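A short worksheet on the structure shown next.
Computed from the coordinates by the stated procedures, all read-outs in this text should not be read as laboratory data. For clarity, every value in this text was computed on a predicted model and none was experimentally measured. Every residue, glycine as well, gets a Cβ built from its backbone with ideal geometry; the counts of neighbours run over all protein chains shown.
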Amino acid sequence: MHDITIHPTAIVDEGARIGPGTRIWHWVHVCGGAVIGQACSLGQNVFVGNRVVIGNNVKIQNNVSVYDDVTLEDDVFCGPSMVFTNVYNPRSAVPRKDEYRPTRVRRGATLGANCTIVCGVTIGEHAFIGAGAVINKDVKPYALMVGVPARQIGWMSEHGERLDLPLTGHGTARCAATGTHYHLIDGSLSTGEPHAS
């Protein structure tokens, strides 16, 4: 595994595919069916299941388990001790391995520390899930979500700055850090320079 850093305490099962520049730290376990992209970082005590796909430049902080049927696209951030699930209604006495619900986290999304992502949802591109939030339904791109269960309280730029926009309707804002323009049209956010009228 050329150009990959694997700590001596980590276990990487045979068959796992890991891209160059990825760093795997203390007491990590990567199962043999996992696919992990380039330049990722897996912090201490991370678990990655067999049917997991992780894109490039994904940061997974300490104590996160990425279970089967979870897909993380490029540039996703998973905060410390955040939680994924893959069975919606688990019972110890009822086998449900054939009932896993797939979860997809789109490019650039942030999942804050200790948040929980209930299986079967899609987190939109560049969405920002606040610390401790519980996500039990799909999340729009760029949405800022907090609470239990989570609700949208705003919009975030790709750079991670809150945008001065209403939740619905129409509006235009600029990211304070980059100057990028964001346009809200009928409750959906997009980027780009303002269009000539």
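Examine segment 113-131 for a residue that is in contact with a helix residue (DSSP H, G or I) (Cβ under 9 Å, 6 or more places away or on another chain) and not hydrophobic (A, V, I, L, M, F, W, C), and state whether such a residue exists. No - not one qualifying residue is present in segment 113-131.
Of 11, 6, which residue is hydrophobic (A, V, I, L, M, F, W, C), touching a strand residue (DSSP E or B) at 6+ places or on another chain (Cβ under 6 Å), farther than 22 Å from residue 133 by Cα and surrounded by fewer than 17 Cβ atoms within 10 Å (Cβ to Cβ)? If you could, list the steps in order and put the result at the bottom.
Working: 6 fails: surrounded by fewer than 17 Cβ atoms within 10 Å (Cβ to Cβ).
Step by step, each of 11, 6 is checked, and only 11 is hydrophobic (A, V, I, L, M, F, W, C), touching a strand residue (DSSP E or B) at 6+ places or on another chain (Cβ under 6 Å), farther than 22 Å from residue 133 by Cα and surrounded by fewer than 17 Cβ atoms within 10 Å (Cβ to Cβ).
Those strands (runs of 3 or more DSSP E) of segment 125-197 in which 1 or more residues are within 21 Å of residue 80 (Cβ to Cβ) occupy 143-146, 151-156. The residues of segment 69-86 that are surrounded by fewer than 19 Cβ atoms within 10 Å (Cβ to Cβ), within 23 Å of residue 97 (Cα to Cα) and out of contact with any Pro (no Cβ under 9 Å at 6 or more places or on another chain), listed by number, are 83, 85. Of everything in segment 20-48 that is small (Gly, Ala, Ser) and buried (at least 19 other Cβ atoms within 10 Å of the Cβ), the residue that is farthest from residue 104 (Cα to Cα) is 43. For segment 1-32, the set of residues classified as within 16 Å of residue 57 (Cβ to Cβ), more than 21 Å from the chain's Cα centre (by Cα) and of a type in the set (A, V, I, L, M, F, W, C) consists of 4 only.
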